[in-house]
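Quick one: structure below, then a few questions.
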Amino acid sequence: MGSMDQPRQDADVMVIGAGIIGLATAYALVEAGREVLLVDRKGIAEETSRGNAGGLAFSDVLPMANAGMLAKLPRWLADPLGPLTIPPAYLMQITPWLVRFWRAGWPDRAAASIKAQSAMMRLAASEMAALVNDAGLAAMVRSDGVLELYESEAELAAAGPGWRARAAEGIGFSHVRGADLAALQPGLAPRFVAGTFIPKWQTVSDPFDFATAIGTVVQQRGASFRRAEVKRLAPVDGGVRVTLADGQELVAGRVVVAAGAWSKALTKPLGDAIPLDTERGYNTTLPPGSFDLRRQLTFGGHGFVISPLTSGIRVGGAVELGGLHLPPNFARADAMLKKAKAFLPDLQTAGGKQWMGFRPSLPDSLPVIGFSRAGRNIVYAFGHGHLGLTQSAATGRLVSELLTGAPLSLDLTPFSPQRF
Ligand SMILES: Cc1cc2nc3c(=O)[nH]c(=O)nc-3n(C[C@H](O)[C@H](O)[C@H](O)COP(=O)(O)OP(=O)(O)OC[C@H]3O[C@@H](n4cnc5c(N)ncnc54)[C@H](O)[C@@H]3O)c2cc1C
């Protein structure tokens, strides 16, 4: 029982952000018997988790700033619509992040990062399988792997160190050519001479459908949802005071910040200087049947992927370090679609819908999962970059363990909010 002067609680645990991370966190907390209030200013999965590529990319364990990627960087930056761009208007703001990004790719840091990310991915795979099974969502997951494509033997050879690092972590794959390549995906332009097939990679039917299905299950199991914008958090006796944009104040026993790319506005005033920024990404979703796509395809040299979704054929990716406020530049989506047509000559490119999303990105490509400096009633769960869907169930499990005091499934040191 609380003492007389303890404030009334409006929520046992409040989860701020109903993207895939907040949803999977709510899922794990409800399972652990907690009362959950999910709060989002837009709705359920209306931001980044809505329109991503749908990949459960368990083999993506290299930091973004790996040696192979850094070698491509000059060529990429020279193309204003290429795989990685920095609008001049944002160059000043992003520079400190870029310095950290570049440093994260040095061999000493990259090796430690691969170890941490591989452990996270093993948990991601087992927790996602458990969530999908428990929530009855098996029909929304395809298990037919992914095919990474190369335009030359030299490009495959350059990817060699990355594949050897993955092999050392027990990740299975095979390099394919000729008839084996054509069997995995017919209709590729002849420029693609080799590929790598990763069988354990999965894709969801559609990321928005998948996320909202989790949202429905958590609400059926007792979680509540409220549409509201959170402005401020402040630790108080026995919990956290939450100030909403309309001035209303609520008190929650514990708070989870899962506000994706926008999380810094809430965490900075609490004393945590976390270098969160955004890698904006673009895509076009073509009508279903626009191509006979057998599985997800990735074009590492061009920074984009093509996904077979129930909602259509989604073409996109790219990284634009443009912050949260610059207007989108959909010429990027057009540029990727044009390339996709050259790569898959039978692709029908009419009738597409364009989208931009804000990846929540830390410069070392690892998310932040841990307690706030302001106290153990506030937990952070954001910054999953390119991998939020993939790592959502694992993140939910870890946050639930932190909040209930259960033994941790993973050493969280590499993911600490205080590591910077
Ligand atoms: C083009 C593209 C392709 C991608 N492909 C993949 C992929 O194939 N596989 C993969 O694993 N990942 C992929 N990602 C990354 C993935 O989409 C993200 O990592 C993930 O969606 C992040 O989820 P989140 O819940 O942290 O953020 P979000 O989905 O952005 O959710 C954050 C939520 O917080 C809410 N919010 C923010 N501030 C407040 C506030 N103050 N008060 C209330 N609510 C607030 C927002 O409204 C939003 O709904 C891709 C991303 C992009 C852009």
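Of everything in the range 232-280, what is within 24 Å of the chain's Cα centre (by Cα) and free of Cβ contacts under 8 Å to residues at least 60 places away in the same chain? Give them in sequence order.
Lys264, Ala265, Lys268
Name the single residue that is nearest to the ligand (Cβ to nearest atom) among those in the range 266-323 being in contact with a strand residue (DSSP E or B) (Cβ under 8 Å, 6 or more places away or on another chain) and in a helix (DSSP H, G or I).
Restricting to residues being in contact with a strand residue (DSSP E or B) (Cβ under 8 Å, 6 or more places away or on another chain) and in a helix (DSSP H, G or I), the top hit is Leu266.
Same structure, new question: Going through Leu23, Leu91 one at a time, which residue ends up being assigned to a helix (DSSP H, G or I), within 13 Å of the ligand (Cβ to nearest atom) and out of contact with any Leu (no Cβ under 7 Å at 6 or more places or on another chain)?
Details: Leu91 fails: within 13 Å of the ligand (Cβ to nearest atom).
Going through Leu23, Leu91 in turn, just one is assigned to a helix (DSSP H, G or I), within 13 Å of the ligand (Cβ to nearest atom) and out of contact with any Leu (no Cβ under 7 Å at 6 or more places or on another chain): Leu23.
Which count do you get for residues in the range 402-420 that are more than 19 Å from Ala374 (Cα to Cα) and of a type outside the set (A, V, I, L, M)? Steps first, answer last, please.
Quick first cut of the range 402-420, residues more than 19 Å from Ala374 (Cα to Cα) only: 406-411, 414.
If we keep only those that are of a type outside the set (A, V, I, L, M) as well, we get 407, 409, 411, 414.
Residues flagged as more than 19 Å from Ala374 (Cα to Cα) and of a type outside the set (A, V, I, L, M) within the range 402-420 amount to 4.
Okay, next question. Take Ala67 and tell me if it is under 14 Å from Gly300 (Cβ atoms), touching a residue at least 24 places away in the same chain (Cβ under 8 Å), surrounded by fewer than 19 Cβ atoms within 10 Å (Cβ to Cβ) and small (Gly, Ala, Ser).
Details: under 14 Å from Gly300 (Cβ atoms): yes; touching a residue at least 24 places away in the same chain (Cβ under 8 Å): yes; surrounded by fewer than 19 Cβ atoms within 10 Å (Cβ to Cβ): yes; small (Gly, Ala, Ser): yes.
The answer is yes for Ala67.
Then there is this: Of the residues in the range 52-69, how many are part of a loop (DSSP other than H, G, I, E, B) and more than 7 Å from the ligand (Cβ to nearest atom)?
Applying the first criterion (part of a loop (DSSP other than H, G, I, E, B)) to the range 52-69 yields 52-54, 57-66.
With the extra rule that they be more than 7 Å from the ligand (Cβ to nearest atom), the set shrinks to 58-66.
So the answer is 9.
Now, a different point. Take the residues in the range 366-406 that are within 11 Å of the ligand (Cβ to nearest atom) and assigned to a loop (DSSP other than H, G, I, E, B), then tell me which one is surrounded by the most Cβ atoms within 10 Å (Cβ to Cβ).
Among residues in the range 366-406 that are within 11 Å of the ligand (Cβ to nearest atom) and assigned to a loop (DSSP other than H, G, I, E, B), the one surrounded by the most Cβ atoms within 10 Å (Cβ to Cβ) is Gln391.
Now a separate question. Testing Ala342 on (1) within 15 Å of the ligand (Cβ to nearest atom); (2) under 19 Å from Gly303 (Cα atoms); (3) in contact (Cβ under 8 Å) with a residue 60 or more places away in the chain; (4) not in a loop (DSSP other than H, G, I, E, B), one condition comes back false. Which one is that?
Tallying (1) within 15 Å of the ligand (Cβ to nearest atom); (2) under 19 Å from Gly303 (Cα atoms); (3) in contact (Cβ under 8 Å) with a residue 60 or more places away in the chain; (4) not in a loop (DSSP other than H, G, I, E, B), Ala342 fails exactly one: (1).
Could you say whether any residue in the range 297-312 is closer than 30 Å to Ala67 by Cα, among the aromatic types (Phe, Trp, Tyr) and either buried (at least 16 other Cβ atoms within 10 Å of the Cβ) or modelled with pLDDT under 95 (or both)? Outline the logic, then answer.
From the range 297-312, those closer than 30 Å to Ala67 by Cα are 297-308; that's our starting set.
Then drop every residue that is not among the aromatic types (Phe, Trp, Tyr), which leaves 299, 304.
Subsequent filtering for residues that are either buried (at least 16 other Cβ atoms within 10 Å of the Cβ) or modelled with pLDDT under 95 (or both) retains 299, 304.
Yes - at least one qualifying residue is present in the range 297-312.
Could you list, in sequence order, the residues of the range 143-190 that are among the charged types (D, E, K, R) and surrounded by fewer than 19 Cβ atoms within 10 Å (Cβ to Cβ)? Please lay out each step first, then the result.
Within the range 143-190, the first condition is being among the charged types (D, E, K, R), and the residues that meet it are 144, 148, 151, 153, 155, 164, 166, 169, 177, 180.
Result: Asp144, Glu151, Glu153, Glu155, Arg164, Glu169, Arg177, Asp180.
Moving to a separate point now. For the range 203-244: of the residues being in a strand (DSSP E or B) and among the aliphatic types (A, V, I, L, M), which is nearest to Leu147 (Cα to Cα)?
Taking the range 203-244 as the starting set, the residues that turn out to be in a strand (DSSP E or B) are 203-204, 224-227, 230-236, 239-244.
From what's left, among the aliphatic types (A, V, I, L, M): 204, 230, 233-234, 236, 240, 242, 244.
Numbers: Val204: 16, Val230: 41, Leu233: 44, Ala234: 47, Val236: 51, Val240: 46, Val242: 45, Leu244: 45 Å.
Top of the filtered list is Val204.
Quick one: how many residues across the range 161-190 are part of a helix (DSSP H, G or I) and free of Cβ contacts under 8 Å to residues at least 60 places away in the same chain? Write out each step before concluding.
So the first thing to find is which residues in the range 161-190 are part of a helix (DSSP H, G or I), and the list is 161-168, 178-184.
Cutting the leftovers down to free of Cβ contacts under 8 Å to residues at least 60 places away in the same chain gives us 163-164, 167-168, 178-183.
Count: 10.
What's the number of the condition Glu47 fails, among (1) buried (at least 18 other Cβ atoms within 10 Å of the Cβ); (2) assigned to a helix (DSSP H, G or I); (3) touching a helix residue (DSSP H, G or I) at 6+ places or on another chain (Cβ under 8 Å)?
(2)
Considering the range 131-142 alone, what residues qualify as being surrounded by 15 or more Cβ atoms within 10 Å (Cβ to Cβ) and either in a helix (DSSP H, G or I) or touching a helix residue (DSSP H, G or I) at 6+ places or on another chain (Cβ under 7 Å) (or both)? Quick ask: steps written out before the conclusion?
As a first pass, look at the range 131-142 and keep what is surrounded by 15 or more Cβ atoms within 10 Å (Cβ to Cβ): 131-132, 135, 137, 140-142.
Within the range 131-142, Leu131, Val132, Ala135, Leu137, Met140, Val141 qualify.
Turning to a different aspect of this structure: Just one of the numbered conditions (1) under 21 Å from the mean Cα position of the chain (by Cα); (2) in a helix (DSSP H, G or I) is not true of Glu155; which one?
Condition (1) is where Glu155 drops out.
The values are calculated or read from the model by the stated rules, or taken from the named source; none is laboratory data. Here the structure is a predicted model, which is why all the values come from computation and not from measurement. Please note: Cβ atoms are built from the backbone with ideal geometry, for glycine as well, and neighbour counts cover all protein chains shown.
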